[in-house]
Amino acid sequence: MDDLFNPDHFRHSILMTVRFADLDALAHVNHAAYLTYMEQARMSYAKDVWGWDGDMKNLSIIVARVAVDYKAPLFLSEQVRVWTRCSRLGTKSFDLAYLVQREGKTGPDSIVATGITGMVAYDYATNKTIAFPTDWRKRTLAYEPALS
C-alpha cells in the first residue's frame, strides 16, 4: 500500500453508519457519499486537532482538489470508520488524506476507499488565500508525527 495511506500514519478517526440516503440505484453507497464522509471526518479533525469551535466563520479553509479511489462497495447500515491525517503542510495549502475502512475488519481488504483533499487556507471576506494559521500549524505538527 502507498505510504501516503499507510494505516500506521493515521491517528484520528470517526465512526459513521451508512444511511439509506447514501445509496444509489444498485443499493450500494454512491460515489458522492464518500465525499460527504470525508467532509464529516475533516470537520471532526478540525475540532479535535486544531481546536476549531464549530463556528463556520472561524473555519478559514477551502477545498481546492479531491481525489478518491474506490476499493469495495458499502451497503446500508454498515459501519465505516473514516481515518484522517494531514499528509502535507505548506505555507497556505495542505493535504488531508483519508482511509475509509469497514468497521470491525482489519488489513488491506478492510479499506473500501482512500482519498485526498487539497486544501487552502482562505479568507472568505477578501476572497484571497492566507497563511495557514500559526496555532493550527503548531497543533498539526504536534499531532502528526509522520509530517516530521
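The table below lists the values:
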item	result
Lys/Arg +1, Asp/Glu -1 at C-beta; the stretch 1-127 dipole; positive extreme among Phe75, Ser110, Pro7	Pro7
Accessible area of the stretch 32-121 divided out per residue, in Å², using a probe of 1.4 angstrom	45
Within the accessible area of the chain (1.4 Å probe), percent carbon and sulfur	52
The chain, relative contact order in percent, only Cα pairs under 8 angstrom and at least six apart counted	28
Folded to 0 to 90 degrees: helix 134-143 orientation relative to the chain principal axis, Cα	40
Dimensionless Rg/Rh of the stretch 8-63 - Kirkwood Rh, Rg from C-alpha atoms	1.05
Between 0 and 90°, nearest 10: helix 31-48 axis offset from the chain longest Cα axis	50
Pair-distance profile P(r), taking every C-alpha pair of the stretch 23-148, with 5 angstrom steps and integer %	2, 10, 20, 21, 18, 13, 9, 5, 2, 0
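The values are calculated or read from the model by the stated rules, or taken from the named source; none is laboratory data. If you're wondering where the values come from, they're calculated on a predicted model, not measured in any experiment. Virtual Cβ from ideal backbone geometry, glycine too; neighbours counted across all protein chains shown. Just the protein is used for accessible areas: all its heavy atoms, side chains included, with ligands, DNA and RNA removed. Shrake-Rupley method; radii C 1.70, N 1.55, O 1.52, S 1.80 Å.
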